[in-house]
Amino acid sequence: MRNTERWDIFCRVVDNFGDAGVCWRLARILAAEHGFDVRVCIDDVATLARLQPQATEGLEVVCWGREGDIPADGVTVIVEAFGCGVPDAYLEDAARQGTRPLWIVLEYLSAEAWVPEHHGLPSPHPRLPIERWFFFPGFTPRTGGLLRERDLLARRDAFGAEAGAACWRELGFAPPAPSATTVLVFAYPFAPLSELLAAWADGPDRVVAAIPDSALAAEALRFFGATGPPQDRTLTRGALEVRFVPFVPQARFDELLWSCDVLFVRGEDSIVRAQWAARPFVWHIYAQEEQAHRRKLEAFVDAYCAGLEPAAAAAVRDLMLAWNHLDGGRVSVGSAWAAYARLLPVLERHGREWSERLVQAGELAAKLALFSADKLK
């Protein structure tokens, strides 16, 4: 049954796909699982289109262009994603409604200690009589939790070896040999990719690295001295095989994750999906001014490694910091990977346990719907 509420989610694409990816996933869950009518008001429809968003009942995409383009008539909840701002003309229109809407500022994901204290705090607008509240995603029950479709974990657990092999064939490749470690490498262009590829090529174990169509693929081609992917989109050196995989729609991204043993991921939507995939993963975090991302990454590593045996925790920390150029050159990416790879069985178990622990934090769209219902009483 459709809900009578209408939600408008405002999204401004700064760069890459994280902002659009999170907003679209939130919108889909609100529309498909909670029955709300949802509009995604986005300033870069082309970026969203690359994610090949699925048609969903009750969900509409609106191009956010000039001021005054988007009427606020009938809106119940306004979601401002990642401090992107909301057009003044829209807000003034909303403030004139008989029933004023609720305004949610959806913040970035962080494990920092201050987040639970700020989650759910009011933020009165200096001029307009619209209630505005901060809502923080997070890893504990005292935060807004993480986005997760109701059937995600069941689909993940049902995704076996045959499904993984089918996924590889659909991408245009033979299934990797069971003896190979299959790694997804999705990172920003400044990652020390060549160093990691060299370590894999010279290493003792076979590695199949899947690199999606992105700026990072150009760096991988330079490592091989190639100007473009060969016809079979595969290049090899030593123990390393690199597969240049096509950009997959958001709805198929989880299957790519589940088809790999280790996940190097970037940005906010991908890091959350990697955690739900229950695989060992390495986060390439978005770089911020004054190294704010260091505090964010270290807080996350502290949370993720809580309860993990010391050697495995050290391996996770070393590889995450080295991959993000935040270790001061103390450990090379190659040696950090070698230590990490030796502990993969431990990290696989931990990935499953961490995923189960995250369920206790709650699902973001459901918590947001409850939060909004409470404030709208």
If the Cβ limit is 6 Å and pairs must be 6+ apart or interchain, which residue in segment 321-339 that is outside any helix (DSSP H, G or I) pairs with which residue that is surrounded by fewer than 24 Cβ atoms within 10 Å (Cβ to Cβ)?
Asn324/Ile285; Leu326/Arg294; Asp327/Leu321; Val331/Asp318
Has segment 269-284 got any residue that is within 20 Å of Pro137 (Cα to Cα), among the hydroxyl-bearing types (Ser, Thr, Tyr) and open to solvent by less than 20 Å² (accessible area, probe 1.4 Å)?
yes
Can you find, within segment 1-35, the residue that is modelled with the lowest pLDDT among those that are of a type in the set (A, V, I, L, M, F, W, C) and open to solvent by 10 Å² or more (accessible area, probe 1.4 Å)?
Met1
Please determine whether any residue of segment 39-51 is basic (Lys, Arg), at pLDDT 95 or above and open to solvent by 10 Å² or more (accessible area, probe 1.4 Å).
yes
Inspect all residues belonging to segment 222-240 and state whether any of them is of a type outside the set (D, E, K, R), open to solvent by less than 10 Å² (accessible area, probe 1.4 Å) and modelled with pLDDT of 95 or more.
yes
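Can you name the residue in segment 357-377 that is part of a helix (DSSP H, G or I), in contact with a helix residue (DSSP H, G or I) (Cβ under 9 Å, 6 or more places away or on another chain) and open to solvent by 20 Å² or more (accessible area, probe 1.4 Å) and is also farthest from Leu30 (Cα to Cα) among such residues? Give the steps one after another, and end with the answer.
Going residue by residue through segment 357-377, those that are part of a helix (DSSP H, G or I) are 357-359, 364-375.
Subset that is in contact with a helix residue (DSSP H, G or I) (Cβ under 9 Å, 6 or more places away or on another chain): 358-359, 364-366, 368-369.
If we keep only those that are open to solvent by 20 Å² or more (accessible area, probe 1.4 Å) too, we end up with 359, 366.
Working: Val359: 18, Ala366: 8 Å.
Out of the qualifying residues, it is Val359.
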Name the residue that is farthest from Asn3 (Cα to Cα), counting only residues in segment 62-73 that are modelled with pLDDT of 85 or more and open to solvent by 60 Å² or more (accessible area, probe 1.4 Å).
Cys63
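Residue by residue, here is whether (1) open to solvent by 10 Å² or more (accessible area, probe 1.4 Å); (2) not aliphatic (A, V, I, L, M) holds:
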site: Asp254; (1), (2): no, yes
site: Val316; (1), (2): no, no
site: Asp327; (1), (2): yes, yes
site: Val331; (1), (2): yes, no
Please go through segment 98-112 and give me each residue that is among the β-branched types (Val, Ile, Thr), touching a Leu at 6+ places or on another chain (Cβ under 9 Å) and modelled with pLDDT of 95 or more, ordered by number.
Ile104
Out of Phe264, Phe253, Phe190, sole residue that is more than 28 Å from Ser355 (Cβ to Cβ) and either among the aromatic types (Phe, Trp, Tyr) or part of a loop (DSSP other than H, G, I, E, B) (or both):
Phe190
Would you please list the contacts, defined by Cβ atoms under 8 Å and residues six or more apart or on different chains, that run from a residue in segment 92-103 that is within 15 Å of Leu376 (Cα to Cα) to a residue that is open to solvent by less than 40 Å² (accessible area, probe 1.4 Å) and acidic (Asp, Glu)?
Trp103/Glu80
Would you mind telling me which numbered condition in (1) in contact with a Ser or Thr (Cβ under 9 Å, 6 or more places away or on another chain); (2) among the charged types (D, E, K, R); (3) assigned to a loop (DSSP other than H, G, I, E, B) Glu149 fails?
(1)
Return only the number of the condition from (1) open to solvent by 30 Å² or more (accessible area, probe 1.4 Å); (2) touching a helix residue (DSSP H, G or I) at 6+ places or on another chain (Cβ under 6 Å) that Pro137 does not satisfy.
(1)
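The values are calculated or read from the model by the stated rules, or taken from the named source; none is laboratory data. Not measured: the values here are computed from a predicted model. Virtual Cβ from ideal backbone geometry, glycine too; neighbours counted across all protein chains shown. Just the protein is used for accessible areas: all its heavy atoms, side chains included, with ligands, DNA and RNA removed. Shrake-Rupley method; radii C 1.70, N 1.55, O 1.52, S 1.80 Å.
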